[in-house]
Structure formats: C-alpha cells, structure tokens
Amino acid sequence: MNILYICAGNTCRSPMAQYYSQGAFPGDNFRSRGLYGSGGPMSPGALEVLDQDGLDGRGHVSQTLQEEDLAWADWIVPMTRDIQDQIRGLGGNKVFGFWDQGGSEIPDPYGGDGTVYQITYDLLKKNIHLMMETLEG
C-alpha cells in the first residue's frame, strides 16, 4: 500500500508521519509532501522528536506535491481539513482524513517548542495506528 502524507511545508507533520510509518509499518510505502515545499530540511523540533524515537530524518528535503505523487498514492492523507479542502478534486476517492475514522486533525507545530512537537508526534502516532487498522482491515 502506498500512503502519501500532505501538510503545508513538508518540514514538520508530514515528514514525521512518513518516518514514523516507515519504521512501524515496513510492509507499506510512505511519502510526504507539502503544498508549499521549500527544498529545505526538516524542522529542528521534528528532528528532535524523531531522534528520541530512534528515527533519523536528517536526510529529509522538503518537497512540493506533484501530480506523480498523487498517481503513486493508494491513499492521500492530509493533516487538516483545510489541506483536504485545498487538494479536493486532486485525490478523488483516495483521500483519507484521520478525523473521518475517529481520529483528529494534526495542528502545525512549526515555531513551537519541544513540548509542542512531542504532542504533535504523539498525536500523529495515535492517528496513524487508527488509520492503518482501518486500511488493513
């Protein structure tokens, strides 16, 4: 299964989701993109929480969502309803909102302290497990 996570800048939420998912669900494929990817690295706060979980995101480069990413994905997972609204029509019936399955939106931690990033990461992990239970049946 190919799962594409989408956030605003592809420096915090979607790459944390990608790296966590790759470790937790090695039989599936994960990518992350942003609506406005900058080509820059993952944010320091995101790197720190991944490091604490034994995951290395230092090679991550922020990327903007492309048509080929949408074609690759079996499931497109936006971090918020606002992002879902912005990609509406692009993903068709492949869009999976965490909130549609008993989960929640993932607020942007950008600019927050380490506690904000940890809360965001914990929320991502919870929502990802709910999603995978639903998708894997």
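The values are calculated or read from the model by the stated rules, or taken from the named source; none is laboratory data. Model, not experiment: these values are computed from the prediction. Neighbour counts are summed over all protein chains in view; Cβ atoms, including those assigned to glycine, are modelled from backbone coordinates with ideal geometry. For the accessible areas, the whole protein counts, side chains as well, though only heavy atoms, and no ligand, DNA or RNA atoms are used. Shrake-Rupley method; radii C 1.70, N 1.55, O 1.52, S 1.80 Å.
Can you pull out every residue in region 84-107 that is open to solvent by 70 Å² or more (accessible area, probe 1.4 Å) and of a type in the set (D, E, K, R)?
D85, R88, D100
Is it true that A46 is closer than 23 Å to G137 by Cβ, touching a helix residue (DSSP H, G or I) at 6+ places or on another chain (Cβ under 7 Å), buried (at least 22 other Cβ atoms within 10 Å of the Cβ) and of a type in the set (G, A, S)?
On the way: closer than 23 Å to G137 by Cβ: no; touching a helix residue (DSSP H, G or I) at 6+ places or on another chain (Cβ under 7 Å): yes; buried (at least 22 other Cβ atoms within 10 Å of the Cβ): yes; of a type in the set (G, A, S): yes.
For A46, the condition - closer than 23 Å to G137 by Cβ, touching a helix residue (DSSP H, G or I) at 6+ places or on another chain (Cβ under 7 Å), buried (at least 22 other Cβ atoms within 10 Å of the Cβ) and of a type in the set (G, A, S) - is not met.
Taking region 49-77 on its own, how many of its residues are open to solvent by 80 Å² or more (accessible area, probe 1.4 Å) and either within 12 Å of the chain's Cα centre (by Cα) or under 22 Å from N127 (Cα atoms) (or both)?
2
Tally time: how many residues in region 11-33 are among the aromatic types (F, W, Y) and touching a strand residue (DSSP E or B) at 6+ places or on another chain (Cβ under 7 Å)? If you could, list the steps in order and put the result at the bottom.
Pass one, region 11-33, residues among the aromatic types (F, W, Y): 19-20, 25, 30.
Retained after the next criterion (residues that are touching a strand residue (DSSP E or B) at 6+ places or on another chain (Cβ under 7 Å)): 30.
Within region 11-33, residues that are among the aromatic types (F, W, Y) and touching a strand residue (DSSP E or B) at 6+ places or on another chain (Cβ under 7 Å) number 1.
Across region 112-137, what is the number of residues that are open to solvent by 70 Å² or more (accessible area, probe 1.4 Å) and either more than 20 Å from R31 (Cα to Cα) or not in a helix (DSSP H, G or I) (or both)?
The qualifying residues number 4.
Those residues that are of a type in the set (A, V, I, L, M), closer than 14 Å to V49 by Cα and within 13 Å of the chain's Cα centre (by Cα), I need them from region 78-137; list them, please. If you could, list the steps in order and put the result at the bottom.
Taking region 78-137 as the starting set, the residues that turn out to be of a type in the set (A, V, I, L, M) are 79, 83, 87, 90, 95, 106, 116, 119, 123-124, 128, 130-132, 135.
Narrowing the set further to residues that are closer than 14 Å to V49 by Cα leaves 116, 119, 123-124.
The answer is L123, L124.
Within region 17-32, identify whether any single residue is more than 21 Å from E136 (Cα to Cα) and either open to solvent by less than 10 Å² (accessible area, probe 1.4 Å) or among the hydroxyl-bearing types (S, T, Y) (or both), and answer yes or no.
Step one: filter region 17-32 for residues more than 21 Å from E136 (Cα to Cα), giving none.
No, that holds for no residue.
Do we have I106 as closer than 22 Å to D28 by Cα, part of a loop (DSSP other than H, G, I, E, B) and of a type in the set (V, I, T) here? Steps first, please.
Details: closer than 22 Å to D28 by Cα: yes; part of a loop (DSSP other than H, G, I, E, B): yes; of a type in the set (V, I, T): yes.
Yes, satisfied.
Being out of contact with any Gly (no Cβ under 6 Å at 6 or more places or on another chain) and either over 22 Å from T80 (Cβ atoms) or small (G, A, S) (or both) is the filter here; which residues of region 26-37 pass it?
In the first step, residues of region 26-37 are kept if they are out of contact with any Gly (no Cβ under 6 Å at 6 or more places or on another chain); the result is 26-33, 35, 37.
Passing the criteria: P26, G27, D28, N29, S32, G37.
Of everything in region 82-103, what is part of a loop (DSSP other than H, G, I, E, B) and within 17 Å of M1 (Cα to Cα)? Give them in sequence order. Don't jump to the end; show me each part of the working.
Here is the first cut: in region 82-103, the ones part of a loop (DSSP other than H, G, I, E, B) are 88-91, 96-97, 102-103.
Result: G91, F96, G97.
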